[in-house]
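Down below is the structure, laid out as structure tokens.
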Amino acid sequence: MAPLSSPETTDAAATATAAAGATTPLPSSAEQVALNRQLAQMLKGGVIMDVTTPEQARIAEAAGACAVMALERIPADIRAAGGVSRMSDPAMIKGIQAAVSIPVMAKCRIGHFAEAQILQAIDIDYIDESEVLSPADDTYHIDKTQFRAPFVCGARNLGEALRRIAEGAAMIRTKGEPGTGDVVQAVRHMRLINSQIRAVQALRADELFEEAKRLQVPYDLLRSVHEAGKLPVVNFAAGGIATPADAALMMQLGAEGVFVGSGIFKSGDPAKRAAAIVQATTNYQDPELLANLSENLGEAMVGINAQEIELIMEERGQ
Amino acid sequence: MTTIAVLAVQGAFIEHQRRLEALGCTVRQLRHEADLQHSFDGLVLPGGESTVQAKLLRDTGLFAPLRTLIQEGLPVLGTCAGLILLAQHLDGSGDTTNLDRQLAAKRTAVDGFRTLPVTVQRNAYGRQLGSFHAEGLWLEDGAAHPDGAPLPLTFIRAPRIENVGPAVQTLVTYQDAPVAVRYRNQIGAAFHPELDADNRLYRLFLDLL
């Protein structure tokens, strides 16, 4: 086991732990990575829901969300509003932290490490470096190894996923095409990542060096995928999931849990739909139950066909 | 062949399943009331989110039959969220440091089995940034085992056992406080044995069968 204390930890991190009343020494950076990946393991089989108010957060928690994503506008509204979309007001995030006991996540812009520092300073449970917000840096992602707070990042293929993990991401999600209610991109990304993993598993060990070069990823991470047959972190589905059937589809395609963004609070009966998606994520292999869950949910979000939109968020940050 | 049922409605149940299979058990996942048709010798309640698990236990029809089985003596191991589901009393609704107490008062309560006579405080060490690895003291008959190695402990947004009932035996301590306890057929742990390599808590659980 690695040593329990480390001089590398930041003042902000020390404050956060002191505020929580813990007397435990701060973990080393290697241990923090392990702890952050382990938190993601606890979220598995669960549904993470986008919320914009403490009241929505309470509805999400009562419906069985395993975490909430606190943001000022859900992706469908960000898309509709246009303009520059930024990190949410910390006061708004704190209101949501107060309203629920489940983990609270928040988004920062791609490459905007100052927004990430602010989110860590308010003791956030997870930071989503998200393509849904306007990118702050068109070249570099955040060096997530410099943070104690865990990060989740979007990925469309194995190369993107492993590059984000190399930068310190403790959890991966498909990018999907946020705010559309169209699941087609999430399906494409999940299928591609998993088929690429199967292809890497099938390679000879001496072929991994060339494959690492081709995918533009570190060799060690690629070797871990070759040996384990899965990413070294948890992989969730995100983008366009709007119904219990969508959640069951993504789970059957190999997702370890799902994010639901606009799909819940853009629908007719959010509490009922949220609870149905939670149950569908647990019992994704039970079509009879899924049929019951899908009955009388009211109107689903109208959605936008992903082929009809002009702003392609999934292409942000590769 | 020993068969262990692992509650698989949400959380880190695969991790428990792999460990139990490595120890020679057959594992059955419980996701729905119909999964109770097959018999099993013991039950594991894994880590995850206790609010989610408590709700899904009811929505799936698993709650009442499992509670009866635990009360009738079915050996059960609850870790982290599983400990919260077993605890008779919960203190507070999780970490509220620097947060609006009035908003926090309206948080969703966890309504678990309430079969283990302990009081547990949820997220007692803080939010995710308060998660940590440590080492605990493995006790035997209430005293440190003479040649017992320290037990690796992983605490993830962990609960704290604040009070234990009179017949509750402390199995593991950290900083002189209990972090794993046993009461008759029930073992509850605030940490995650499924995430570390030590098998002692699993063996103790399997000895209850």
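A few points about this structure:
- Test: residue in the range A:224-237 that is in a helix (DSSP H, G or I), within 13 Å of chain B (Cβ to nearest Cβ), open to solvent by less than 60 Å² (accessible area, probe 1.4 Å) and modelled with pLDDT of 95 or more: no
- Condition met for A:V217 (more than 23 Å from B:R31 (Cβ to Cβ), open to solvent by less than 20 Å² (accessible area, probe 1.4 Å) and in a loop (DSSP other than H, G, I, E, B)): yes
- Among the residues making up the range A:169-191, those that are at pLDDT 95 or above and closer than 30 Å to B:F132 by Cα are A:A169, A:A170, A:M171, A:I172, A:R173.
- Take the conditions (1) surrounded by fewer than 21 Cβ atoms within 10 Å (Cβ to Cβ); (2) over 17 Å from the mean Cα position of the chain (by Cα); A:N157 misses just one of them, which is (2).
- Candidate set from the range B:121-153 (those that are under 17 Å from B:L201 (Cβ atoms) and aliphatic (A, V, I, L, M)); member that is most open to solvent (accessible area, probe 1.4 Å): B:L137
- Within the range B:87-101, restricting attention to residues that are within 8 Å of chain A (Cβ to nearest Cβ) and open to solvent by 60 Å² or more (accessible area, probe 1.4 Å), the residue that is nearest to B:I70 (Cα to Cα) is B:R101.
- Among (1) modelled with pLDDT of 95 or more; (2) closer than 17 Å to A:G181 by Cα; (3) open to solvent by 10 Å² or more (accessible area, probe 1.4 Å) - the single one A:I304 does not satisfy: (1)
- All of (1) at pLDDT below 95; (2) touching a Ser or Thr at 6+ places or on another chain (Cβ under 7 Å); (3) within 8 Å of chain B (Cβ to nearest Cβ); (4) assigned to a loop (DSSP other than H, G, I, E, B) hold for A:E8 with one exception: (3).
- Here B:R19 fits the description: closer than 24 Å to B:A158 by Cβ and out of contact with any strand residue (DSSP E or B) (no Cβ under 9 Å at 6 or more places or on another chain).
- Only one of A:M251, A:M190 that is over 30 Å from A:P54 (Cα atoms), in contact with a Ser or Thr (Cβ under 7 Å, 6 or more places away or on another chain) and open to solvent by less than 30 Å² (accessible area, probe 1.4 Å): A:M190
- When A:E72 is tested against (1) in contact with a Gly (Cβ under 7 Å, 6 or more places away or on another chain); (2) charged (D, E, K, R); (3) farther than 30 Å from B:A134 by Cα, exactly one condition is not met: (1).
- Test for B:T79: is it under 27 Å from B:A177 (Cα atoms) and surrounded by 24 or more Cβ atoms within 10 Å (Cβ to Cβ): yes
- Qualifying helices (runs of 4 or more DSSP H) (wholly inside the range B:50-111; at least 2 residues being out of contact with any helix residue (DSSP H, G or I) (no Cβ under 9 Å at 6 or more places or on another chain)): B:63-71
- Counting the residues of the range A:262-297 that are under 19 Å from the mean Cα position of the chain (by Cα) and open to solvent by 20 Å² or more (accessible area, probe 1.4 Å) gives 1.
The values are calculated or read from the model by the stated rules, or taken from the named source; none is laboratory data. From a predicted model like this one, the values you see are computed outputs, not experimental measurements. For neighbour counting, all protein chains shown are included, and Cβ atoms are generated from backbone atoms with ideal geometry for every residue, glycine included. Surface areas here come from the heavy atoms of the whole protein model, side chains and all, with no ligands, DNA or RNA. Shrake-Rupley method; radii C 1.70, N 1.55, O 1.52, S 1.80 Å.
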